[in-house]
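Chemist: First the structure, then my questions, so here it is.
The values are calculated or read from the model by the stated rules, or taken from the named source; none is laboratory data. Note that the structure is a prediction, hence the values are computed from the model and not measured. Ideal geometry is used to build each Cβ from the backbone, glycine not excepted, and the neighbour counts take in all protein chains shown. Each accessible area value is taken on the protein alone, full model and side chains, heavy atoms only, with ligands, DNA and RNA left out. Shrake-Rupley method; radii C 1.70, N 1.55, O 1.52, S 1.80 Å.
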Amino acid sequence: MALQPGQDETSYVVRFAGDSGDGIQLQGQQFTVASALAGHDLATLPDFPAEIRAPTGTRFGVSAFQIQFGGNRITTPGDEPNVLIAFNPAALAVNLPHLSPGAMIIVDENAFTQQRLKRADLATNPLEDGSLNEFTVIPIAISDLTQQAAKPFGLGSKDSLRSKNFWALGLMLWLFDQPRDASRQWIKIKFARDEAVRDANLAALDAGHVYGETAELAHGLVQHKTPQAKFDAVEYRTLTGAEALALGLVAAGELADTELMFCSYPITPASALLHQLAGLEDAGVSTFQAEDEIAAICSAIGASYAGKLGVTSSSGPGIALKTEAIGLAVATELPLLIVNSQRAGPSTGMPTKTEQSDLYQAVYGRNADTPIPVVASRSPADCFDTAIEAVRIALRHMTPVILLTDGYIANASELWPIPDFERYAPIATAKPDDAATGGVFQRNPQTHARVWATPGDARFIHRIGGIEKDIDSGNISYEADNHQAMTDLRRAKVASVADYLPPQELEQGVVGGLAVVAWGSTYGAVYQAVNQCLSEGYTVAQIHLRYLNPLPANLGELLARFDRVLIPELNDGQLATLLRDKLLIDSVQMNKVTGQPLGVAELKDVIYRNVPRKMLEVSNE
Amino acid sequence: MSELSFKDFATDQEVRWCPGCGDYSILKAVQRTLAAGGAKPENTVFVSGIGCSSRLPYYVETYGFHTIHGRAPAVATGVKLANPQLDVWVVTGDGDGLSIGGNHLLHALRRNIDLNILLFNNEIYGLTKGQYSPTSRPGTTSPSSPGGSFDTPIEPGLFALGAGASFIARAVDIDQKGLPLLLAQANDHSGTAFVEILQNCIVYNKDVFDDVVSKKTAADTQIHVQNGEPLIYGKERNKGLRLNAATLALESVEIGADDVTEADVLVHDETNTTLAQLLLSMEAPLPAAMGVIHRVQKPVFNTSFWQNKPTGRRAKVVDLLRHGNMLDRRVG
């Protein structure tokens, strides 16, 4: 993916990399905003270590941020960067495998000292040993230039070096002709109380930009312009998955006219949702940080019992701890939302790396026959709608619901056309109206929901608990026939969710050949891969599942119309097992567990190997 | 509506504790307390964990939630935060509250959320058929400790004090006069009220508290503390507790003997944390302290939780959607 002088591409991929204390994520976020304001579609990938500030200069302390932006529809952060900007030798070494020959590498040459090369486990200096010959390397004294720019504002040399992320941002904004206004504004607000720091950062930003303007002479650096994306005539905003999910929960509360209580315990990468919601307390959400994962779900269940919608959130290890309480919510027929921001496992695994390997846990992972609905988000912005739909199911059927997202979705951002919220259907609840009479355990024959009667209501005083209860009275019952009836009821309830789901449709493509079936955050990569294969004339289609339990009623019928089913997943084959289990569908599996998102090119390779024919040949038959 | 009697707080469910179990009298005391205090059944919630004690909500005609092992304080926290108007009671035992649920009990107490926590301490796991518990005395023989247990037991009141509890009381299951009065005070307290009830498991740990509760000797083996009153006990009301300045421990003295006068006896101050620790630490031959041992006012979590929050929904979703970095592509 070479960057050719004088040749502008429709889209570019840029990767920022440095120490985890270098402000790489901030730099990436600022570039994202500028890119959106310049009229580009975009998708981002923050890729950072679990350590907050790992020892400087080490390989394991490298933090990176990748963005793809451009004038076409962007659905992934890109397979291979056109430009890597690396602040030190470790950042270069760690990210080199992401690059293909011809890519541009901008490095801070001040950082390539003997000591720091050694810290990065490099025996020789890659800037001198010829190992970068197949790339376009542009060494710039970023540290020196930043210090020069910051000098007039009286900061020490160490403090002034902190502005180098803004210096580099300025250069990259120049390189891709993006506006600086939003970053200038951000700096002014963020450092309003410290004029020296504010002015140093502004100066660094401008100095990086000016450097670009004059760099053509020194390095042959040429500015690249990107066409604007074709946008619908609506308002857009950038947002991360955590932001979208928080907004979706607030929106669901408004649609259901029900307040939410969000109870959670800090865990990476799920905490971002707690932080977002803690800032939305005037929107009908209150947040409670519990003493542990179990207390988090238990207090959420208590809140649901008392008439608010309890929501809890975690990642796989935390969800494992919550499992017994999920069973309690099933047994007591209470609404509850459990959000799982999946991460690489097992056990602690790789907390900041993404994976979609908690599907078994969500669908099957409880003691006894304890079915619950499972919904999955496919992209950052999609979290808004999936949160609403998950809450809709929980309240309509009086059941806990698991919403699967992942570390990539939570932290990545994309451009989102703001929906017309007035068009969202209200969410019905099972709360008794003023005229309601009868028992708490009278159930809706379609949804199997019991009455959501809550303390404070003198008409419905009752006791409930985890012990098997009589199907009619709710009293303790160890009767054989009753337990059968309750088990049947719990199965029928979750099955009835499918009656309300939209039929599964093709995202794109044609029936008959290869169906690429996926779920969760692989959506963007699958979209691009299938899209490109279609334009190359292959009989391929994309099917993306939002509802994983129950599955859409027509899914089996739909898949039967294809010659072959390919399931790419960031796990060891969990959806493949699920579809074989529920639909007796055999599939070709593509499984990847590297902690990194699915790549478009690698998926296309697998499609080529499995797609039965080109469309042209079909028409000849 | 006429006033409710304690019978109005009984459900139609058959009580399933063993005949003679101390839980029966605690249930009765709870029902009496509710009736005497004019509790509204619809605004009262009993939340319990797992164990014999935790069956109690099924027998009280209020809202009730029998949850999972050890987690009652966490569920109750959610109930109270979601609707602070409710009177929320937690019923737990020594295994449920101090073993599997120790963490939740600790955090409920330190937060000082407005719950009444009744811990039925029978020093044994009853429902699982008699294993030794975290309050069992060393040497307790049980199916899981045939040679006698050797765990160091925990003293529930000291645990609560260490967690920063604002109300700590102790009572005996069969005390039908004293227990309802104590429960009423627990209910009146703002914050977490912790009440340890010595409860007789007649099947697996029969009469384990006899050294304290036996009617014949109770006057000399218990001291019923009253705030502002001297710490005097004994059948003849001639024994008192005095601070031994050399050992920094309490000692029992006989008023009238060895020049001891009532002025030498400590006066109970329920706000004094050091005194609470001394009273809760007493072992035979000193008497066991009963009554309200510790009571202070501290910030109440559910009050703080809602204090600075905007009530009702002020921000509209249509507006929130437009926060952040906007890009307006609308025509015109």
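Chemist: Filter the stretch B:74-105 for residues that are over 16 Å from the mean Cα position of the chain (by Cα) and among the β-branched types (V, I, T) and give the result.
Modeler: Hits for the stretch B:74-105 are B:V75, B:V79, B:I100.
Chemist: Give the residues of the stretch A:196-223 that are touching a Gly at 6+ places or on another chain (Cβ under 9 Å), modelled with pLDDT of 90 or more, farther than 13 Å from A:Q148 by Cα and open to solvent by less than 60 Å² (accessible area, probe 1.4 Å), sorted by residue number.
Modeler: Within the stretch A:196-223, A:A196, A:H209, A:G212 meet the criteria.
Chemist: Could you identify the single residue in B:A76, B:A72 that is in contact with a strand residue (DSSP E or B) (Cβ under 8 Å, 6 or more places away or on another chain), more than 26 Å from B:Q176 (Cα to Cα), within 12 Å of chain A (Cβ to nearest Cβ) and crowded, with 24+ Cβ neighbours inside 10 Å?
Modeler: Just one listed residue meets the conditions, B:A76.
So that you can scan it fast, the table gives a plain yes or no per residue for (1) in contact (Cβ under 8 Å) with a residue 12 or more places away in the chain; (2) more than 25 Å from the chain's Cα centre (by Cα):
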residue: A:A412; (1), (2): yes, no
residue: A:W416; (1), (2): yes, no
residue: A:E422; (1), (2): no, yes
residue: A:K431; (1), (2): yes, yes
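Chemist: Restricted to the stretch B:236-282, and to residues that are of a type in the set (D, E, K, R) and under 22 Å from B:H294 (Cα atoms), which residue is farthest from the chain's Cα centre (by Cα)?
Modeler: B:D264
Chemist: Name the single residue, out of those in the stretch A:403-423 being charged (D, E, K, R) and open to solvent by 10 Å² or more (accessible area, probe 1.4 Å), that is nearest to the other protein chains (Cβ to nearest Cβ).
Modeler: Out of the qualifying residues, it is A:E422.
Chemist: Okay, moving on. Do the conditions hold for B:L241, that is, is it open to solvent by less than 20 Å² (accessible area, probe 1.4 Å) and farther than 30 Å from B:N302 by Cα?
Modeler: yes
Chemist: While we're here: Taking A:V62 as the residue in question, decide whether it is closer than 23 Å to A:A182 by Cα, of a type in the set (V, I, T) and open to solvent by 10 Å² or more (accessible area, probe 1.4 Å). Before you say what the answer is, go through the steps one by one.
Modeler: On the way: closer than 23 Å to A:A182 by Cα: no; of a type in the set (V, I, T): yes; open to solvent by 10 Å² or more (accessible area, probe 1.4 Å): yes.
In short, no.
Chemist: Please verify whether the stretch A:85-102 includes one or more residues that are modelled with pLDDT of 95 or more, within 24 Å of A:F176 (Cα to Cα) and part of a strand (DSSP E or B).
Modeler: Checked the stretch A:85-102: at least one residue is modelled with pLDDT of 95 or more, within 24 Å of A:F176 (Cα to Cα) and part of a strand (DSSP E or B).
Chemist: Given the conditions (1) more than 11 Å from every other protein chain (Cβ to nearest Cβ); (2) open to solvent by less than 50 Å² (accessible area, probe 1.4 Å); (3) under 22 Å from B:I154 (Cβ atoms), report the number of the one that B:L34 does not fulfil.
Modeler: Answer for B:L34: the failing condition is (3).
Chemist: All but one of (1) out of contact with any Gly (no Cβ under 6 Å at 6 or more places or on another chain); (2) within 9 Å of another protein chain (Cβ to nearest Cβ); (3) open to solvent by 30 Å² or more (accessible area, probe 1.4 Å) hold for A:H275; state the number of the condition that does not hold.
Modeler: Exception for A:H275: condition (2).
Chemist: Please identify the pairs in which a residue from the stretch B:198-213 that is touching a residue at least 12 places away in the same chain (Cβ under 8 Å) and open to solvent by 60 Å² or more (accessible area, probe 1.4 Å) has its Cβ atom under 7 Å from the Cβ atom of a residue that is in a helix (DSSP H, G or I) and not small (G, A, S), counting only partners at least 6 apart or on another chain.
Modeler: Close Cβ pairs (under 7 Å, with a partner that is in a helix (DSSP H, G or I) and not small (G, A, S)) amount to B:D211/B:T221.
Chemist: Mind listing whichever residues of the stretch A:532-558 are under 27 Å from the mean Cα position of the chain (by Cα) and either among the acidic types (D, E) or assigned to a helix (DSSP H, G or I) (or both)?
Modeler: Answer for the stretch A:532-558, where residues must be under 27 Å from the mean Cα position of the chain (by Cα) and either among the acidic types (D, E) or assigned to a helix (DSSP H, G or I) (or both): A:Q532, A:C533, A:L534, A:L555.
Chemist: Is there a residue in the stretch A:251-259 that is among the acidic types (D, E), within 10 Å of another protein chain (Cβ to nearest Cβ) and surrounded by fewer than 22 Cβ atoms within 10 Å (Cβ to Cβ)?
Modeler: Yes.
Chemist: Taking into account only those residues within the stretch A:442-465 that are more than 38 Å from the chain's Cα centre (by Cα) and without any contact (Cβ under 8 Å) to a residue 40 or more places away in the chain, which is farthest from the other protein chains (Cβ to nearest Cβ)?
Modeler: Of all residues in the stretch A:442-465, those more than 38 Å from the chain's Cα centre (by Cα) come to A:442, A:456-463.
With without any contact (Cβ under 8 Å) to a residue 40 or more places away in the chain added as a condition, the list becomes A:442, A:457-463.
On the way: A:Q442: 18, A:D457: 6, A:A458: 4, A:R459: 8, A:F460: 8, A:I461: 6, A:H462: 7, A:R463: 4 Å.
Within the stretch A:442-465, the match that is farthest from the other protein chains (Cβ to nearest Cβ) is A:Q442.
Chemist: Counting just the residues of the stretch A:278-293 that are in contact with a helix residue (DSSP H, G or I) (Cβ under 6 Å, 6 or more places away or on another chain) and over 22 Å from A:P317 (Cα atoms), which one comes out farthest from the other protein chains (Cβ to nearest Cβ)?
Modeler: Of everything passing the filter in the stretch A:278-293, A:V285 is farthest from the other protein chains (Cβ to nearest Cβ).
Chemist: Within the stretch B:29-50, which residues are in a loop (DSSP other than H, G, I, E, B), more than 16 Å from the chain's Cα centre (by Cα) and not hydrophobic (A, V, I, L, M, F, W, C)?
Modeler: Once the filter is applied, which keeps residues that are in a loop (DSSP other than H, G, I, E, B), more than 16 Å from the chain's Cα centre (by Cα) and not hydrophobic (A, V, I, L, M, F, W, C), the stretch B:29-50 yields B:G37, B:G38, B:K40.
Chemist: Something else now. Which pairs have Cβ atoms under 8 Å, sit 6 or more apart or on different chains, and link a residue in the stretch B:314-332 that is at the interface with another protein chain (Cβ under 7 Å from one of its Cβ atoms) to one that is loosely packed, with under 14 Cβ neighbours inside 10 Å and modelled with pLDDT of 90 or more?
Modeler: Matching pairs, first to second residue: B:V318/A:E422.
Chemist: Looking only at the stretch A:316-334, filter to residues that are in contact with a helix residue (DSSP H, G or I) (Cβ under 6 Å, 6 or more places away or on another chain) and farther than 19 Å from A:A430 by Cβ; which one of those is most open to solvent (accessible area, probe 1.4 Å)?
Modeler: Looking at the filtered set, the residue picked out is A:L321.
Chemist: Yes or no: B:L4 part of a helix (DSSP H, G or I) and away from chain A (no Cβ under 11 Å)?
Modeler: No, not satisfied.
Chemist: Follow-up question, since we're still on this one. Does A:L579 qualify as being of a type in the set (A, V, I, L, M) and either buried (at least 19 other Cβ atoms within 10 Å of the Cβ) or modelled with pLDDT of 95 or more (or both)?
Modeler: Numbers: of a type in the set (A, V, I, L, M): yes; either buried (at least 19 other Cβ atoms within 10 Å of the Cβ) or modelled with pLDDT of 95 or more (or both): yes.
In short, yes.
Chemist: Please return the ranges of strands (runs of 3 or more DSSP E) entirely within the stretch B:74-172 where 2 or more residues are of a type outside the set (G, A, S), closer than 30 Å to A:E259 by Cα and free of Cβ contacts under 8 Å to residues at least 60 places away in the same chain. Before the answer, list the steps.
Modeler: Numbers: elements: B:87-93, B:115-121, B:167-172.
Here the list reads B:87-93.
Chemist: Continuing with this model, one more query. Is one or more of the residues making up the stretch B:18-28 of a type outside the set (K, R), within 14 Å of chain A (Cβ to nearest Cβ), within 22 Å of A:G302 (Cβ to Cβ) and assigned to a helix (DSSP H, G or I)? Please lay out each step first, then the result.
Modeler: Taking the stretch B:18-28 and keeping what is of a type outside the set (K, R), we get B:18-27.
Narrowing the set further to residues that are within 14 Å of chain A (Cβ to nearest Cβ) leaves B:27.
Still in the list and also within 22 Å of A:G302 (Cβ to Cβ): none.
The answer is no, given that none of the residues of the stretch B:18-28 is of a type outside the set (K, R), within 14 Å of chain A (Cβ to nearest Cβ), within 22 Å of A:G302 (Cβ to Cβ) and assigned to a helix (DSSP H, G or I).
Chemist: Also, I was wondering about something else. Is there a residue in the stretch B:274-295 that is among the polar types (S, T, N, Q), in a loop (DSSP other than H, G, I, E, B), exposed (fewer than 14 other Cβ atoms within 10 Å of the Cβ) and away from chain A (no Cβ under 14 Å)?
Modeler: Within the stretch B:274-295, not a single residue is among the polar types (S, T, N, Q), in a loop (DSSP other than H, G, I, E, B), exposed (fewer than 14 other Cβ atoms within 10 Å of the Cβ) and away from chain A (no Cβ under 14 Å).
Chemist: How many residues, within the stretch B:218-233, are surrounded by 14 or more Cβ atoms within 10 Å (Cβ to Cβ) and either more than 22 Å from the chain's Cα centre (by Cα) or of a type in the set (A, V, I, L, M, F, W, C) (or both)?
Modeler: 9
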